[in-house]
Amino acid sequence: MPSWAPLAALVVVVGLIVLHLAVRSTRTWVWKVLTGLGSLMLVALVYFGLFWAPPEAFMSDVGRIIYVHVPFVWMCMLAFTVNVGAALAYLFKKSWRTDALAESSAEVGVFFGATGVLMGSIWARPTWGVWWDWDPRLISTTVMLLVYVGYLAFRSFTEDPERRAAWSAAAAILGYVSLPITWFSVQWWNSLHQRQSGSGTMDKPIRVVYFWGAVSFLTFLFVFIVKRYEIARARQTGALELPPLEAPKGQVTT
Amino acid sequence: MKPETRNRLIAVGAILVAGAALAWIAFGNIGDNLVYYWKPSEMVAQGEKAYGATVRLGGVVVPGSVVWNPEHTSLSFQVADTHAPTAVRVTVKSEQTPPQMFREGIGVVVEGSFQSDQVFRTNRLMVNHSNEYRAPTDGGMPDDVMKSLSQADPQKT
Amino acid sequence: MKWFALLATLSFASFALADIAVPKPEPFVAPVVAAPEVPAVTPTPSPAPLHPQGIEKAMPSMGVIDGGWAYVYACYFLAIGGTFFYGLSLFLRRPTGPLPGAQS
């Protein structure tokens, strides 16, 4: 995997989110197109991953889990990066939209992260021989997910929207420290988990399907974040009776 | 204080604390205290202090050292720091059926204790996979697919 | 929350499924004599495959996982099921009624 790939994925998903928030006319159709595209790519991923791709030399067919496990954890990390970006934006220029974006990206990230960790655990059983072991990568990932679960809990328990937005943004910045630790844990410490793969350590067919899986779930990352964002916006403007900074124009389909 | 000013102060404070925490973990000597496993050389260097405690030992399985008795499920092999022939080795004994990927030369992490007879007895044997994902060199997939793939990527070894 | 609970239940179901299907490792007899190299595995490009049934079948004892499809199915099930159910939860939580702020 080229080292710029995570950055490219981040640019794409942030670009799409900004487009969705800034250009009203795209809100009704872009997410539908991407949901359709993502669904088709997901169906194709099942074919590519389970049948087209070769088995791995030693893991054999069990190695096919990489096509879903790694993209899920990537999407989790991308979502948390969107979260910290939204938190910073909120603190420097107060807006209920970035507050809602921070909330939605954190929840989507927890979904992807928890599912990805579960898949990793299933993968570990036949390869490592155990379901779980407290190696640095697994510890740091668990801590990272717990941090964001705590972040969401903090948000849901704080009544005052001003306080919630400001202090959860501070918590988001502090919590984001767990992400580089998770990413680099396999390089800094001895671990059972393998290091990040690069283009040189993956045969071409495996790499291509791996990329395909990442792009498929990237579309769902975008759709989930913007749909969750609309829920968060509706809660802000409705239940909390906040003065809407920017009124949504009934674009939400039912 | 205006709310905007307060928010920016919160942001700057949080960034400073987060940056300091990250720098401390990345560049401090926290890694010396957080040891997931010892290498054979590190464990042997501890001398008698290493005996008895439940620890993890990690390294590679020395080729030619594996003795496996399926009837009594007794497994014995040597673990070395690296693949170098001069690397320090420790004998490991296990009463478990090893994971299927267990083979000579693969990385393993074993949990157990080192005894004064210089044998590491374990009841938890884990095999780690490298970050290399390779197609099988033959078999496993149709030959025509193999051919088209190897033509598609001439750099493939 | 209930969707997460459902997801968790399904996940554990897939765990159980995978556990039942733990592939029985073939008893393997490791060479007692030192084998300095493994020439059989070295990739020698030849027109005819060395192991027509696949390397996994030919040498079940050489550290290659045999089977284990239950784990793969469990993970793909989680990936597709998780995506579907999270999407469904977003759909069920969608803003309804008169849209807030629509008339202001």
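In the condition set (1) surrounded by 23 or more Cβ atoms within 10 Å (Cβ to Cβ); (2) part of a loop (DSSP other than H, G, I, E, B), A:T182 is compliant with all but (2).
If you check every pair at least six apart or on different chains, which have Cβ atoms under 7 Å apart with a residue in region B:32-55 that is within 14 Å of chain A (Cβ to nearest Cβ) first and a residue that is surrounded by fewer than 17 Cβ atoms within 10 Å (Cβ to Cβ) and not aromatic (F, W, Y) second? Short answer, once both residue conditions are applied: B:T54/B:S113; B:V55/B:S113. Scanning region A:24-58 for residues that are open to solvent by less than 50 Å² (accessible area, probe 1.4 Å), away from chain B (no Cβ under 14 Å), of a type in the set (A, V, I, L, M, F, W, C) and more than 20 Å from the chain's Cα centre (by Cα) yields a total of 2.
Do we have any residue at all in region A:165-176 that's assigned to a loop (DSSP other than H, G, I, E, B), open to solvent by 20 Å² or more (accessible area, probe 1.4 Å), within 12 Å of chain B (Cβ to nearest Cβ) and touching a residue at least 24 places away in the same chain (Cβ under 8 Å)? Explain how you work it out, then say what you get.
Of the residues in region A:165-176, the ones assigned to a loop (DSSP other than H, G, I, E, B) are A:176.
Narrowing the set further to residues that are open to solvent by 20 Å² or more (accessible area, probe 1.4 Å) leaves A:176.
Going one step further and asking which of them are within 12 Å of chain B (Cβ to nearest Cβ), we end up with A:176.
Restricting the remaining residues to those that are touching a residue at least 24 places away in the same chain (Cβ under 8 Å) gives A:176.
Among the residues of region A:165-176, at least one is assigned to a loop (DSSP other than H, G, I, E, B), open to solvent by 20 Å² or more (accessible area, probe 1.4 Å), within 12 Å of chain B (Cβ to nearest Cβ) and touching a residue at least 24 places away in the same chain (Cβ under 8 Å), which makes the answer yes.
Let's see how each residue does on (1) under 19 Å from A:N190 (Cβ atoms); (2) of a type in the set (D, E, K, R):
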| site | (1), (2) |
| --- | --- |
| B:V35 | yes, no |
| B:R56 | yes, yes |
| B:R89 | yes, yes |
| B:T97 | no, no |
| B:E104 | no, yes |
| B:G107 | yes, no |
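Residue pairs whose Cβ atoms lie under 9 Å apart, separated by 6 or more positions or on different chains, with the first residue in region B:121-137 and over 22 Å from A:D203 (Cα atoms) and the second assigned to a strand (DSSP E or B) and among the acidic types (D, E), are B:T122/B:E111; B:N123/B:E111; B:R124/B:E111; B:L125/B:E111; B:M126/B:E111. Scanning region A:104-141 for residues that are open to solvent by 40 Å² or more (accessible area, probe 1.4 Å) and away from chain B (no Cβ under 14 Å) yields A:A114, A:L118.
Tell me yes or no: at least one residue of region B:68-77 is at the interface with another protein chain (Cβ under 7 Å from one of its Cβ atoms) and under 25 Å from A:W134 (Cα atoms).
Going through region B:68-77, the residues at the interface with another protein chain (Cβ under 7 Å from one of its Cβ atoms) turn out to be B:68, B:70.
Cutting the leftovers down to under 25 Å from A:W134 (Cα atoms) gives us none.
The answer is no; no qualifying residue exists.
Only helices (runs of 4 or more DSSP H) whose full extent lies in region A:1-110 are considered here, and the ones with at least 2 residues that are under 20 Å from A:F184 (Cα atoms) are A:5-22, A:66-92.
Between A:L88, A:L78, which is aliphatic (A, V, I, L, M), open to solvent by 10 Å² or more (accessible area, probe 1.4 Å) and more than 9 Å from chain B (Cβ to nearest Cβ)?
On the way: A:L88 fails: more than 9 Å from chain B (Cβ to nearest Cβ).
From the options A:L88, A:L78, the qualifying one is A:L78.
Residue-level check: of (1) open to solvent by less than 30 Å² (accessible area, probe 1.4 Å); (2) within 21 Å of A:F112 (Cβ to Cβ), A:Q196 misses just (1). Being open to solvent by 70 Å² or more (accessible area, probe 1.4 Å), in the same structural domain as B:G107 (by TED's automatic domain parsing) and either touching a Phe, Trp or Tyr at 6+ places or on another chain (Cβ under 8 Å) or assigned to a strand (DSSP E or B) (or both) is a condition met by no residue of region B:6-16.
The values are calculated or read from the model by the stated rules, or taken from the named source; none is laboratory data. All of these numbers come straight from a predicted model, not from anything done at the bench. A quick note on method: Cβ atoms are made from the backbone with ideal geometry, for glycine too, and the neighbour counts reach across all protein chains shown. Calculation scope for accessible area: heavy atoms of the full protein, side chains included, ligands and nucleic acids excluded. Shrake-Rupley method; radii C 1.70, N 1.55, O 1.52, S 1.80 Å.
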